[in-house]
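The values are calculated or read from the model by the stated rules, or taken from the named source; none is laboratory data. Here the structure is a predicted model, which means the values were calculated and not measured. When we count neighbours, we look across all protein chains shown, and the Cβ atoms used for this are built from the backbone with ideal geometry, even at glycine.
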Amino acid sequence: MADQNVAQAEQPGQTEGPFPLSTLRHSVAHLMASAVQNLHPGVRFGFGPSIEHGFYYDFDIEEPLTEKDLGKIEKEMRRIAKKSPEIRCEVLTREEAKRILKEWGQDYKIEAVDLIPEGEEITFHYHGPEGKEWGDLCEGPHIDSFQIPFHFKLLNLAGAYWRGDEKNPMMQRIYGTAFWSQEDLDAHLEWLEEVKRRDHRRLGSDLDLFSTHPEAGAGFVFWHPNLGIVRRCLEELWWEQHEKAGYEPVYTPHVSREALFAVSGHLENYGDMMYAPMDLDELPYRVKPMNCPGHVLIYKNRGRSYRELPLRWAELGTVYRYERSGVVHGMLRVRGFTQDDAHIFCTPDQLAEEIAGVCQMVDFFMKTFGFEYTAYLATRPPEKTIGEASIWERATQALQDAADSIGLKLELDEGGGAFYGPKIDYKIKDALGREWQNSTIQCDFNLPERFDMTFTNAEGKPERPIMVHRAILGSLERFVGVLTEHYGGRFPFWCAPHQVAVIPIREDHSPYARKLVDELRSRRFRVEAMLEAGHMNKKIKTAQKAQIPFMLIVGEREAEEGTVAVRRRGTREQEVVPFDQFLERIESMRTERTADLVNIDE
């Protein structure tokens, strides 16, 4: 099923310049590297590319850099830029490049030369004062000169292994960004601050949502009660929609014999992501990286007839994949996660309709959570695949036909398919404009062949079923992490950890407040009963900090009239309404799973 993926982000806005923004950023990365060398002679350089919303450069420096060093480096960058009339390019032979890099003591770059395929040009780019130019092995492109007006900011430091391999030396990475206008840079920096405020790890601590523990190992998430409630609400919605669509629940073991994954092809094509085998009864066993082989075994448990198909089996199945420690990240990239998995076994005639049904389910879920999305048709990868080309062509066409039948536009993702078949991948856009790979629909003609799966067709002959792998939310950990940042911790009423806080103005108003609490709980609303002695305003601040959607402030007048003073999350205004009217409205919000708060009398 789908791999975990990190976010991509839209720029908040950018002014057009004389060169593409990526070219400017790559050039500024070189400018930064030259400044670092001036300040830290003897530094050895790794790679320094332009990335999605900025750039970075990796350095091997004996002394550790700190955030205070960034200001010094920026100052030196500006000084060098003023003395760099042009950026020039020089083409060298492989031998010349290695000789120069050896003279410079840049052994990482010598290794980088060996990564350049034979026949490709090897280029160096230079900038700086005449006679004191700084050069770097680089394919470019670059801007012509640092005399062109531009604006930049160094952002933060991080560690990074050379070439991303944990067996290699750890280097120091400096991240930065650059724009053609100060206005665009300021907007981007403001956007980054909002990203920090919405960081699910920060909110996880502030709102007591989840934790990770060194004792348990990196990449394993512990859901606290508050986030456990969010997950349970999502699972209830998930099962509700799947039952409506004719799915049936299955459950499969977390551990199976290694031989199962050899047949499925996971051991051969996915082995580097699987945990090491364990010996049981003198045979190797593995924790499962995916649920699909288990569903296949259930299918094969007895003979199947065409009259039974399609079979739609769903499992919220926890899987385990080895992610390098350097990429493990909160809930967004983990080593153990629950996949909202399902597999459909169908005939060729049923395939397009089944895929279309999954596409419609994806649309429902994404609209429920307020996500826009783009769908991609991911085709056969250039290597590490199973199955004949003709089979891949049939599967790819089936996905396209299904999308066409419901008017779903597909962007092309050439070579982005799974090792066993093509797929439709969805990228959702969150409130900050970032894209996350999410839902996936994978058409598989290969596993039925490898496992010798059959059904008896109308002519009484054995025929291969087609297997559709699909996930709507993907990893629950990752989806809820994204959802936390999308909402900024302000979960919609229907899935909020606590939906209503009841706050008496004075302690003698507690009997009425207790009556409200009991009534709300009897209707299965999640209530924070703030009935203890204490100042009302302090309780309101506590409820606001906890992002509780509604606060009911009650005093003598409310007790006499059977009303409540409703204060909505994020506001100072209060709205006095009959308690029955409040109940009716929140019942509707829960049933309709309303995403936004609205006035009670609407």
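Table for the structure above
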quantity	calculated
Subset tally (residues that are surrounded by 19 or more Cβ atoms within 10 Å (Cβ to Cβ) and either polar (S, T, N, Q) or in contact with a Cys (Cβ under 6 Å, 6 or more places away or on another chain) (or both)) for the range 129-183	2
Of all residues in the range 508-525 being in a loop (DSSP other than H, G, I, E, B) and either surrounded by fewer than 18 Cβ atoms within 10 Å (Cβ to Cβ) or modelled with pLDDT under 95 (or both), the one that is farthest from the chain's Cα centre (by Cα)	R523
Which numbered condition D272 fails, given (1) modelled with pLDDT under 90; (2) more than 26 Å from the chain's Cα centre (by Cα)	(2)
Residue within the range 578-585 that is buried (at least 18 other Cβ atoms within 10 Å of the Cβ), closer than 20 Å to V230 by Cβ and touching a strand residue (DSSP E or B) at 6+ places or on another chain (Cβ under 6 Å) present	no
Filter result (within 32 Å of the chain's Cα centre (by Cα), β-branched (V, I, T) and assigned to a strand (DSSP E or B)) within the range 46-98	I51
Subset of the range 353-384 [touching a residue at least 60 places away in the same chain (Cβ under 8 Å) and either assigned to a helix (DSSP H, G or I) or of a type in the set (V, I, T) (or both)]	E354, I355, G357, V358, C359, M361, V362, F364, F365, M366, T368, T374
Check on I505, among the aliphatic types (A, V, I, L, M), in contact with a strand residue (DSSP E or B) (Cβ under 9 Å, 6 or more places away or on another chain) and surrounded by fewer than 20 Cβ atoms within 10 Å (Cβ to Cβ)	yes
Matching residues, the range 438-453, being in a helix (DSSP H, G or I) and among the small types (G, A, S)	none
Qualifying positions in the range 454-470 - surrounded by fewer than 23 Cβ atoms within 10 Å (Cβ to Cβ), among the hydrophobic types (A, V, I, L, M, F, W, C) and in a strand (DSSP E or B)	F455
Residues located in the range 213-236, provided they are surrounded by fewer than 18 Cβ atoms within 10 Å (Cβ to Cβ) and under 21 Å from H486 (Cα atoms)	F222, H224, P225, G228, R232, E235, E236
Boolean, A112 is touching a strand residue (DSSP E or B) at 6+ places or on another chain (Cβ under 8 Å) and surrounded by fewer than 18 Cβ atoms within 10 Å (Cβ to Cβ)	no
Qualifying residue in the range 415-437 (condition: in the same structural domain as Y320 (by TED's automatic domain parsing), under 25 Å from R567 (Cβ atoms) and in a loop (DSSP other than H, G, I, E, B))	yes
Complete set of residues in the range 399-417 that are buried (at least 20 other Cβ atoms within 10 Å of the Cβ), closer than 20 Å to C292 by Cα and in contact (Cβ under 8 Å) with a residue 40 or more places away in the chain	L399
Residues of the range 106-120 that turn out to be over 12 Å from G46 (Cα atoms) and of a type in the set (G, A, S), as a count	1
Residue within the range 202-218 that is under 23 Å from the mean Cα position of the chain (by Cα), part of a strand (DSSP E or B) and small (G, A, S) present	yes
Count of the range 532-554 residues which are crowded, with 18+ Cβ neighbours inside 10 Å and over 34 Å from the mean Cα position of the chain (by Cα)	4
Of residues in the range 100-136 being in a strand (DSSP E or B) and of a type in the set (S, T, Y), the one nearest to N38 (Cα to Cα)	Y126
Answer from L280, L316, L309 - the residue that is out of contact with any Lys or Arg (no Cβ under 7 Å at 6 or more places or on another chain), aliphatic (A, V, I, L, M) and under 27 Å from Y487 (Cα atoms)	L316
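A quick yes/no check of all residues on (1) polar (S, T, N, Q); (2) in the same structural domain as F582 (by TED's automatic domain parsing); (3) closer than 17 Å to V576 by Cα:
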site	(1), (2), (3)
S510	yes, yes, no
R514	no, yes, no
R526	no, yes, no
I540	no, yes, yes
A546	no, yes, no
L552	no, yes, yes
E558	no, yes, yes
T563	yes, yes, yes
